[in-house]
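Shown next, in structure tokens, is the structure this report addresses.
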């Protein structure tokens, strides 16, 4: 999947839904490291320069359960932003604008991290 500046949450959710449910665990067996689920190998790579293990830890941490939770959180925050945008103006506009900005910043951070790992 090629990622651009837009994060396709629907596509990511479909990928997570189609993947083997977790929990996933990293497993080392020289010269390879693997991601395991219920005693079965999901993926393996050869360890080179010490990078394989960290990669498998990362892959295991971003199991379908984790991906779905992150997607749900982003959607929740986006919903809060939309609600705040459509709320009638009051004396709390400055606070609301600051809150919206904070939520948008948090969403962008999550999306940026997700793009780096896909």
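The values are calculated or read from the model by the stated rules, or taken from the named source; none is laboratory data. Everything numeric here is computed off the predicted structure, so don't read it as measured data. Cβ atoms come from the backbone with ideal geometry, glycine included; neighbour counts cover every protein chain shown.
Only one of (1) over 20 Å from residue 12 (Cβ atoms); (2) at pLDDT 80 or above; (3) surrounded by 14 or more Cβ atoms within 10 Å (Cβ to Cβ) fails for residue 105. Which number is that?
For residue 105, the failing item is (3).
Out of curiosity, is residue 41 outside the structural domain of residue 72 (by TED's automatic domain parsing), exposed (fewer than 15 other Cβ atoms within 10 Å of the Cβ) and at pLDDT 90 or above?
Against the criterion (outside the structural domain of residue 72 (by TED's automatic domain parsing), exposed (fewer than 15 other Cβ atoms within 10 Å of the Cβ) and at pLDDT 90 or above), residue 41 qualifies.
Taking the criterion of being farther than 21 Å from residue 8 by Cβ, in a helix (DSSP H, G or I), at pLDDT below 85 and assigned by TED's automatic domain parsing to the domain that holds residue 6, would at least one residue in the stretch 47-63 satisfy it?
Scanning the stretch 47-63 turns up no residue that is farther than 21 Å from residue 8 by Cβ, in a helix (DSSP H, G or I), at pLDDT below 85 and assigned by TED's automatic domain parsing to the domain that holds residue 6.
Give just the number: which of (1) assigned to a loop (DSSP other than H, G, I, E, B); (2) modelled with pLDDT under 90; (3) in contact with a helix residue (DSSP H, G or I) (Cβ under 8 Å, 6 or more places away or on another chain) does residue 89 not satisfy?
Going through the list (1) assigned to a loop (DSSP other than H, G, I, E, B); (2) modelled with pLDDT under 90; (3) in contact with a helix residue (DSSP H, G or I) (Cβ under 8 Å, 6 or more places away or on another chain), residue 89 breaks only (3).
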